[in-house]
Every structure is written in structure tokens, then in C-alpha cells.
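The values are calculated or read from the model by the stated rules, or taken from the named source; none is laboratory data. The structure displayed is predicted, hence computed values, not measured ones. Cβ placement follows ideal geometry from the backbone for every residue including glycine, while neighbour counts extend to all protein chains displayed. These accessible areas exclude ligands, DNA and RNA; they are computed on the full protein's heavy atoms, side chains included. Shrake-Rupley method; radii C 1.70, N 1.55, O 1.52, S 1.80 Å.
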Amino acid sequence: MALIGIDLGTTNSLCCVWRNGKCVLIPNSLGDYLTPSVVSADENGDILVGKTAKERLISHPGHTASSFKQFMGTGKVYILGKKRFHPEDLSSMILRRLKEDAETFLDEDITEAIISVPAYFNNNQRSMTKLAGELAGLRVERIINEPSAAAIAYQHATGNDGFYLVVDFGGGTLDISVVDIFENIVDIIAVAGDNHLGGDDIDNIIVDAFYELHPILNQKLSPSEKASVKKMAEQCKMNLTTSEQALMVYVYKGKRYELLLTNQILLDLCAPILAKIKLVLRRALKDSSRSVNEIDAVIAVGGSGKMPIVQSFLMQLTGKAPLCSIDPDKAVALGVGIVTGIKARDADIRDVVMTDICPFTLGIRVFNRFTNDKNEYSPIIERNTALPVSRERNYFTMHDLQTKVMIDIYQGESLSVVNNLLLGQLEISIPPAKAGEITISLRFSYDINGILEVDVRCEQTGDTEHVLILTNKNLSSAEITKRRQELQKLKTPPREQEENRYLLECGARLFEESTGQARMLIQQETILFTSVLENSGHPTELEKAKNRFAQIVKLLDEGDDKLFFGGAAE
Ligand code: ADP
Ligand code: MG
């Protein structure tokens with residue numbers, strides 16, 4: 001039975017398998033390797049996933065969810081139509097779809113997977129990823145870090161050991177990691193990131209520039225028209241990856257509104273984004289205690305890592321041209337695929353050992369007598385420390401004659417605990433004495449399984465207290481089975497209808513986006529296509545209708561004026 005590898009992305013997900021000594025990417029039912037991480041519920045409560053669901057972000061925003069990966073383990077609830085879902089349920093629907101694609105591709109049942117997650121994911125988020133796998137009917141053999149996977153993909157392709165700086169710039173997140181690969185040991189030395197910086201922000205910058213030029217559109221357009229402007233901005237950005245200039249055109253009430261972009265203009269517009277990338281890169285290098293000269297290779301990963309302005313900026317910062325011989329979209333998935341090959345004990349590849357780090361800081365709340373701040377954070381285990389780790393620090397009493405010390409344990413990076421996450425509390429009794437005379441010694445031990453042990457000792461009495469904090473929450477197998485059964489009750493359209501369904505959703509979106517003649521055309525064509533789908537059982541007729549509709553969608557998406565006999569699009 002095959003083991004599949006999955007890059008479960010915030011924006012796009014990919015699936016692969018190790019076959020005949022190499023990693024093979026698995027296409028979905030539309031023939032694409034990238035499946036958008038989007039889920040939508042239709043009028044009948046059926047669940048749509050991937051590109052078809054992505055079309056509905058514009059036409060049915062209240063029934064469609066995207067970018068839910070960042071909220072795994074937070075308890076956030078998404079309401080799609082009448083149904084409520086947690087991020088892990090939505091992730092499980094993506095995983096289920098990838099599993100089905102793999103089963104069709106390989107013509108066998110798949111029950112096991114290796115899934116990659118961002119290196120900064122805490123243990124709760126890792127557990128939730130495993131849970132999403134189980135809800136999809138996949139036993140998650142292993143969770144691996146995305147930057148490790150990308151570095152493994154390059155190491156495998158080139159045979160070069162060394163320090164890799166992995167810059168993963170996706171749709172909504174930036175993760176920069178320093179990964180050391182030496183012989184068969186893959187060490188993450190440091191991770192730094194910005195959870196709110198990605199290609200999406202670049203789209204917004206282009207949209208802002210467009211509205212600045214055409215303020216009337218900003219005032220007049222409806223939310224769904226604005227969503228299609230944003231989509232055009234993204235397309236324009238992607239065109240700039242392959243051409244030096246790109247034209248954005250929006251037709252409103254018969255008038256064309258344009259914005260001409262070049263990479264130089266985009267570079268100027270994106271200066272604030274690039275400044276943020278620089279900050280994250282500096283932090284990653286600083287935490288790794290390596291200078292930029294000690295880095296052997298810079299790897300650009302993630303869709304936004306393909307952008308020429310990003311690549312030249314990385315070159316400027318590091319003095320090295322970022323490697324992108326492996327498609328940045330696919331590098332993580334290919335690395336995960338190589339690890340599945342290792343796991344399956346393929347003789348062609350050598351085993352690897354991956355070590356882990358604690359991606360966040362652990363500490364306690366203290367009183368600072370100089371600033372009078374009762375909520376100051378005192379770190380005990382610093383972020384990016386290799387696991388397992390044990391650290392001790394001493395603290396002193398705050399008040400005269402106090403008989404108890406309450407220890408509040410936090411995870412986070414902020415100087416004020418108010419902004420950090422409270423993990424647990426511990427209390428110890430002490431003998432009354434003058435403030436500062438009693439010493440409390442605290443030991444934090446943290447391991448690969450996400451268990452934090454806190455030991456506290458009063459130096460004067462030798463008394464100790466102890467607490468175990470599980471930073472990951474696990475559901476019982478009965479609860480998992482129940483949730484899986486509930487999710488399995490949700491219907492998805494049959495695989496062979498996916499393409500037609502996708503085209504119809506494109507039609508619905510185009511109807512929302514357009515006005516006048518274009519709108520009339522898409523309406524007529526949708527009626528025609530639907531009636532052939534409903535009434536004709538003849539394969540050639542169905543194929544003809546599908547091709548015709550697909551062609552109309554394509555031309556309308558390209559804003560092709562030829563559709564309207566050479567006139568403007570209204
Ligand atoms: P994630 O890892 O978050 O799932 P991806 O790595 O798939 O995300 O990146 C998605 C982002 O990459 C989107 O913002 C998309 O617009 C951008 N992107 C994809 N292809 C290109 C391209 N050719 N040029 C510029 N940006 C691109
Ligand atoms: Mg990614």
C-alpha cells in the first residue's frame with residue numbers, strides 16, 4: 001500500500017508519491033498539480049473543494065472558506081451556508097480530496113501520509129494537522145517541517161550538503177529558515193517568519209495603485225466587483241513573473257480603466273513588503289548565529305518566491321542568486337515525497353534524521369521592581385533552541401513575608417505577557433522572609449513530543465513542586481471516529497463531473513463580475529450548457545458543449561473584445 005506525501009499549504013496543496021526511485025507529483029481531477037486550499041458548500045449542502053471552490057470565493061463568499069490553515073488549533077469556527085466547521089475539518093476535506101486523487105492515479109487504496117507543516121507550528125497545530133489527516137481517513141506517519149522538506153529536495157537534486165537559507169514566500173505567509181544538511185542529518189538551525197505577509201499583500205498593493213488612479217471605481221464598485229479587480233491584480237502580478245510589463249484592464253459601464261505595470265514600478269510599490277522580508281531574514285540569520293557568508297545556498301520556495309523583484313531583492317541581501325531550479329511551487333512537496341521514499345525504505349536513497357527546534361519562547365510572568373510592571377515576561381527557553389532542552393533560572397520574592405509564589409507559565413515573544421499565551425500555573429509555599437531573600441529556582445524541560453515539564457524548588461527549604469503541561473491536545477479515537485463519520489456524510493460531486501462543475505462555477509463568477517453584453521452572453525451560454533448537461537446523454541455532444549463553454553469562459557476571463565464583434569465589452 002502506497003504512502004503519499006502532502007504539502008498542505010495555506011493557499012495551495014500538493015500530493016506526491018515515491019515511484020521507481022523518484023518522486024512523482026499527482027494531478028487532481030482537473031489535471032493540475034496544485035489544488036487550491038479552498039472549501040465551499042453549495043445550495044444542497046454538497047462540499048466543493050479546490051479550484052471549483054475557489055471560483056465561489058467571488059460568487060458565494062458566505063459559503064466559501066480559504067486560508068484556514070493559519071487558524072488550525074485556535075477553535076475558530078467557519079460557517080459555510082448552514083454548516084459549521086473547524087479549520088481542521090476544512091483541512092481534512094482538502095486532504096480527503098488529495099487522497100482520492102492519489103487513489104485514482106495509483107489505482108489503489110491509500111491510508112497513510114506524511115504531511116509537511118511550517119517549522120513554527122506549535123504542537124497543538126501539529127496535532128490538529130494529524131487530526132485533519134485522520135478525519136480524512138489517513139494515518140499520518142510523520143509530520144515534517146516545510147523548510148526541511150525544501151532543503152531535502154535540493155540536497156537530493158544536487159548532492160550538496162551545507163547551510164541552506166530557505167525563503168518560503170507563499171500567499172499569506174513568509175517563513176525564512178536556516179537548515180543545515182550534513183550527511184544524513186537535517187537540522188533546522190533557526191526559523192523566523194511573518195504570518196501576515198504574502199503574495200496577497202502584493203495583490204492588495206496593486207489594487208490600491210489601481211484605485212488611486214481610478215478613484216471612481218473605488219467608490220462605485222460592489223464587493224464582488226472589487227473581488228474581481230483583486231483577481232485581475234493577482235493575474236497581473238503573475239504575468240510580471242514572465243514578462244517585463246503587464247496591463248490591468250477593468251471595463252465598467254462601457255469604459256476601460258487601465259493600469260500599466262512593470263517590474264520596476266512593482267518594485268517601488270512593494271518597498272514596504274521588501275523591507276519586512278529584510279527584517280525576517282535578519283532575524284533568521286541572527287537566531288542561527290550564522291553570518292550571510294556562511295550560507296551555502298539560498299532557496300526560493302512558494303508561489304511568491306518566483307517573483308523577479310523578490311529574487312533580485314534576495315540576491316541583493318545575501319549576495320547569492322536564489323536557487324529555483326526546482327519549481328518554487330513544488331519544492332516542499334517534492335521534499336516530502338523524498339521523505340516518503342525514505343520511509344518506504346527505498347534502497348535508492350539514504351536515510352535522513354531530522355532534528356527539531358522549539359520554534360517559540362517559553363517563560364514566566366515576573367514583577368519588574370524598577371519599572372513597576374507586573375506583567376513582564378521572563379524567557380527561560382528561548383526560541384530556536386534544539387530539542388530536547390532543559391534550562392534553569394533563579395527568581396526572588398517580591399513582597400515581605402509572602403508565603404506563596406504563583407508561577408504563570410507562558411509561550412510567546414512579547415515583553416508583556418498580556419500578548420503571550422498562558423500555558424499553565426504552578427504554586428509553591430515558602431517560609432515568610434524579607435522581599436528578595438527567598439530564592440526560587442525554576443527548571444523548564446521541553447521535548448520533541450511537546451511536553452513541557454516545569455520544576456520549581458525553594459532553595460531555602462528544599463521543597464519542590466512540579467507540573468506537566470501538554471502543549472498538544474489529542475482527541476480520543478472515539479471522538480475522531482464520530483467526527484470522521486459526520487464529515488463523511490457530506491456529499492461531494494462525483495469526480496467525473498468536476499470539470500463541468502468547475503466551468504459552471506466560472507460561469508456564475510463571470511456573471512457576477514460582468515455587466516451588459518458580457519453578462520448576457522455568459523447567461524445565455526450557461527443556460528445552453530446546463531441544458532445539454534441535463535438532457536443530452538450523448539458523449540460527443542456533451543464534449544462539444546463543454547469545449548464551447550470553456551472557450552467562452554477563457555475569452556471572457558481574458559477580457560477579449562472579439563467576443564463582441566470587435567466592439568468594447570459593453
Ligand atoms: P502557500 O504555501 O501559502 O499555500 P503558495 O506557495 O502556493 O502558497 O503561494 C501562493 C501565492 O503565490 C499567491 O499569492 C500567488 O498569487 C503567488 N504566485 C503563484 N504563482 C505566481 C507567479 N508565477 N508569480 C508571482 N506570484 C505567484
Ligand atoms: Mg507552501
*Convert each backbone phi in the range 273-290 into a coupling constant with the Karplus relation 6.51 cos²θ - 1.76 cosθ + 1.60 (shift: θ = phi - 60°), then list the ³J(HN,Hα) values in order as whole Hz, x for Gly and Pro.*
5, 5, 4, 5, 4, 4, 4, 5, 4, 4, 5, 4, 5, 5, 5, 7, 6, 10
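Taking 2.2 N^0.38 Å as the expected size of a compact globular protein, what ratio does the Cα radius of gyration of the range 146-193 give against it, to two decimals? Walk me through the numbers before you get to the answer.
Numbers: Rg = 10.5 Å, N = 48, 2.2 N^0.38 = 9.6 Å.
So the Cα radius of gyration is 1.10 times the expected 2.2 N^0.38 Å.
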*What FRET efficiency, computed as 1/(1 + (r/R0)^6) with R0 = 35 Å and r the Cβ-Cβ distance, is obtained for Val292 and Asn20, rounded to the nearest 0.05?*
0.35
*asked:* Quick check: pseudo-label points 7 Å beyond the Cα along Cα→Cβ at Thr241 and Gln402, how many nm apart are they?
replied: 5.5 nm
*By accessible area of protein heavy atoms, probe 1.4 Å, what ranking do Tyr446, Tyr252, Tyr33 get, highest first?*
Tyr33, Tyr252, Tyr446
*³J(HN,Hα), Karplus 6.51/-1.76/1.60, whole Hz, each residue of the range 212-227, x for Gly, Pro*: 5, 6, 10, x, 4, 5, 4, 6, 8, 6, 6, x, 6, 5, 5, 5
*Would you grab the residues whose amide H sits under 5 Å from the one on Glu112? Only those 5+ places off in sequence or on another chain, please, with H modelled 1.01 Å from N.*
Ile4, Arg139
*Indicate the gyration tensor shape class of the range 360-467 (rounded, prolate or oblate), computed on the Cα atoms with a ≥ b ≥ c the square roots of the eigenvalues: a/c under 1.5 is rounded; otherwise a/b larger than b/c is prolate and the rest oblate.*
oblate
_Global form of the chain, assessed from the alpha-carbon gyration tensor, a/c cut-off 1.5_ = prolate
*the range 447-467 versus the range 54-89: alpha-carbon centroid distance in Å*: 40 Å
*Long-range HN-HN contacts of Tyr252 with modeled amide H, under 5 Å*: Tyr257
*asked:* Can you give the FRET efficiency to the nearest 0.05 for Gln460 and Lys278, using r as the Cβ-Cβ distance and R₀ = 60 Å?
replied: 0.75
_Neighbour net charge for Glu392 - beta-carbon separation under 11 angstrom, K R +1, D E -1_ = +3
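Let me know the shape class of the range 254-342, please: from the alpha-carbon gyration tensor, a ≥ b ≥ c as square roots of the eigenvalues, rounded when a/c is under 1.5, otherwise prolate if a/b is greater than b/c, or oblate. Walk me through the numbers on the way to the answer.
On the way: a/c = 2.68, a/b = 1.40, b/c = 1.91.
Cα axes put the range 254-342 in the oblate bin.
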_Base-10 log of normalised Debye intensity for the range 495-560 (one unit scatterer per alpha-carbon) at q = 0.12, 0.19, 0.28 Å⁻¹_ = -0.28, -0.67, -1.30
*Contour minus Cα-Cα distance for Glu437 and Arg139 (0.36 nm per residue)*: 101.9 nm
_Could you compute the net charge surrounding Ser416? Neighbours are other residues with a C-beta less than 12 Å from the C-beta of Ser416; K and R count +1, D and E count -1._
-1
_In Hz, Karplus ³J(HN,Hα) per residue of the range 33-39 (6.51, -1.76, 1.60; θ = phi - 60°; x = Gly, Pro)_ = 7, 8, 10, x, 7, 10, 10
*asked:* I'd like the orientation of helix 498-513 relative to the chain: the angle between its Cα long axis and the longest Cα principal axis, in ° from 0 to 90, rounded to 10.
replied: 80 degrees
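Pulled fully out, how much extra length does the chain show between Lys482 and Ala344, if you take 0.36 nm times their separation in residues and subtract their Cα-Cα distance?
46.6 nm
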*Leaving out same-chain residues fewer than 8 places away, which aspartates and glutamates sit with a Cα under 13 Å from that of Lys482?*
Asp89, Glu134
*Could you give the distance between the Cα centres of the range 381-426 and the range 230-286, to the whole Å?*
43 Å
*Helix-derived [θ] at 222 nm for the chain: sum -39500 (n - 2.57) over DSSP H runs of at least 4, divide by residue count, nearest 500?*
-12000 deg cm²/dmol
*Between the range 192-217 and the range 310-362, what is the C-alpha centre distance in whole Å?*
29 Å
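Whole-Å semi-axes of the range 401-535's equivalent ellipsoid, largest first, each the root of 5 times a Cα gyration tensor eigenvalue? Mind dumping the intermediate values first?
Working: eigenvalues 847, 89, 21 Å².
Ellipsoid semi-axes (Å, largest first): 65, 21, 10.
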*asked:* I need to check one value: relative contact order of the chain, counting alpha carbon pairs closer than 8 Å and at least 6 residues apart, in percent.
replied: 14 percent
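Which FRET efficiency value, to the nearest 0.05, is calculated for Ser414 and Ser536 with the Förster distance at 51 angstrom and r the Cβ-Cβ distance?
In this case the efficiency is close to 0.25.
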